[in-house]
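First the structure, in the form of structure tokens, and then the observations on it.
The values are calculated or read from the model by the stated rules, or taken from the named source; none is laboratory data. In this text the structure is predicted, and so the values were computed from the model without any measurement. Because the Cβ atoms are built from the backbone with ideal geometry, glycine has one as well, and the counts that use them run over all protein chains shown. Quick note on the areas: whole protein, heavy atoms, side chains included, nothing else; ligands and nucleic acids left out. Shrake-Rupley method; radii C 1.70, N 1.55, O 1.52, S 1.80 Å.
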Amino acid sequence: MYTEKELLGEIKKLLEDEELYGLYERAFREYRYYFETTNYIVLNVYQFNDHGPIHVLLTTRRALELLNIIRKFGIQTTAEKLGKPFRWSKFIVAFGALFHDIGNMVHRVNHYGFSAFLAEPIVEKLVAEFEGDDPLLLKALTLNAIYTHDEHVPCTTIEGSLVTVADGCDMEAGRSRLAHKRDRVDIHAVSALAIEKVDIKEGTEEQPIVIEIWMKHLAGIFQVDEILTKKVKSSLLSGKVKLRIHVGEELMEKVI
């Protein structure tokens, strides 16, 4: 459904920053083996679904889409509230999304903590190239976005919230974050296979973020409730997100 080339091109357009995109693309290629090894372990040891290169690129793209939407509606990022340029937020969101899942190489339980641990020396190098002023703060905010992407950890920054919600949107064609055995037919598997498409769009002042979901049948609701809804509620964007769920000719809307 998605290709690396397509997703990298979309990320480049969303970043609107040649230097930052160059840093991102180089990091993606240099540490690609992290994402491939993570995916190999997730698929073959945990028997989950895709957590590899496509997932991290797709999460980055969606997180940047969300970042641009909240900016249009005048919602300040945490970096901006701390007096830092908006460019910082792009860095935090991009690299937070890129490295959020690498901790799965160590263990699924507390993988978000392991992700922050493994990413720390990498992020330090990237920050050194990107920002000479207050590098420790930028590193801390980026590691925060990695650590809080899981719904079990309450988000404390807007940037981390964007990564969390973007991660929760990866539900298409069975690529959900909910674990299910490949050889088992149950509500987890059926629900994961029900979702056909997920799009992020602009909303209104009250709910600036609209997430449109198309599904084959109502079993997909389980997936939405168990993954996306929990992630939104753990973020600082709760109450600002509207779901529009399409099931055939039927449309359901709810604010989370």
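Of all residues in the range 216-240, which are on the phi < 0 side of the Ramachandran plot, modelled with pLDDT of 95 or more and not in a helix (DSSP H, G or I)?
Ser234, Ser235, Leu236, Leu237, Ser238, Lys240
Looking only at residues that are closer than 23 Å to His149 by Cβ and of a type in the set (S, T, N, Q) in the range 186-238, which one is most open to solvent (accessible area, probe 1.4 Å)?
Applying the filter and picking the extreme gives Ser238.
For the range 83-129, what are the residues that are among the hydrophobic types (A, V, I, L, M, F, W, C), over 18 Å from Thr60 (Cα atoms) and either in contact (Cβ under 8 Å) with a residue 40 or more places away in the chain or in contact with a strand residue (DSSP E or B) (Cβ under 9 Å, 6 or more places away or on another chain) (or both)?
Scanning the range 83-129 gives Met105, Leu118.
Would you be able to say whether some residue in the range 46-55 is outside any helix (DSSP H, G or I), under 25 Å from Val106 (Cα atoms) and among the small types (Gly, Ala, Ser)?
Scanning the range 46-55, I find at least one residue that is outside any helix (DSSP H, G or I), under 25 Å from Val106 (Cα atoms) and among the small types (Gly, Ala, Ser), so the answer is yes.
Quick one: which of Thr148, Thr142 is closer than 21 Å to Val224 by Cβ, in contact with a helix residue (DSSP H, G or I) (Cβ under 6 Å, 6 or more places away or on another chain), open to solvent by less than 50 Å² (accessible area, probe 1.4 Å) and touching a residue at least 12 places away in the same chain (Cβ under 8 Å)?
Every option except Thr148 fails the conditions.
Please find, within the range 88-104, the residue that is nearest to Phe28 (Cα to Cα) out of those that are out of contact with any Leu (no Cβ under 7 Å at 6 or more places or on another chain) and of a type outside the set (Gly, Ala, Ser).
That would be Leu98.
Being touching a residue at least 60 places away in the same chain (Cβ under 8 Å) and either more than 24 Å from Tyr21 (Cβ to Cβ) or assigned to a helix (DSSP H, G or I) (or both): is that true of Arg71 here?
Spelling it out, it is not the case that Arg71 is touching a residue at least 60 places away in the same chain (Cβ under 8 Å) and either more than 24 Å from Tyr21 (Cβ to Cβ) or assigned to a helix (DSSP H, G or I) (or both).
Listed here are the residues, each with its yes/no results for (1) more than 15 Å from the chain's Cα centre (by Cα); (2) more than 24 Å from Ser161 (Cα to Cα); (3) modelled with pLDDT under 95; (4) surrounded by 15 or more Cβ atoms within 10 Å (Cβ to Cβ).
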position: Glu18; (1), (2), (3), (4): yes, yes, no, no
position: Arg29; (1), (2), (3), (4): yes, yes, no, no
position: Asp50; (1), (2), (3), (4): no, no, yes, yes
position: Arg61; (1), (2), (3), (4): no, no, no, yes
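So which residues in the range 63-97 are closer than 20 Å to Gly168 by Cα and open to solvent by 40 Å² or more (accessible area, probe 1.4 Å), if there are any at all?
Matches in the range 63-97: Glu65, Asn68.
Exactly one of these conditions fails for Ala97: (1) under 23 Å from Leu43 (Cβ atoms); (2) touching an Asp or Glu at 6+ places or on another chain (Cβ under 8 Å); (3) not in a helix (DSSP H, G or I). Give me its number.
In the conditions (1) under 23 Å from Leu43 (Cβ atoms); (2) touching an Asp or Glu at 6+ places or on another chain (Cβ under 8 Å); (3) not in a helix (DSSP H, G or I), Ala97 misses (3) alone.
Being of a type in the set (A, V, I, L, M), in contact with a Phe, Trp or Tyr (Cβ under 9 Å, 6 or more places away or on another chain) and either open to solvent by 10 Å² or more (accessible area, probe 1.4 Å) or part of a helix (DSSP H, G or I) (or both) narrows it down to one of Ala119, Ala166, so name that one.
The unique qualifying residue is Ala119.
Being in a helix (DSSP H, G or I), under 15 Å from the mean Cα position of the chain (by Cα) and at pLDDT 95 or above: is that true of Ala128 here?
For Ala128, the condition - in a helix (DSSP H, G or I), under 15 Å from the mean Cα position of the chain (by Cα) and at pLDDT 95 or above - is not met.
Does Asn44 meet the test of being under 20 Å from Glu6 (Cα atoms) and open to solvent by 40 Å² or more (accessible area, probe 1.4 Å)?
When the stated conditions are applied, Asn44 does not pass them.
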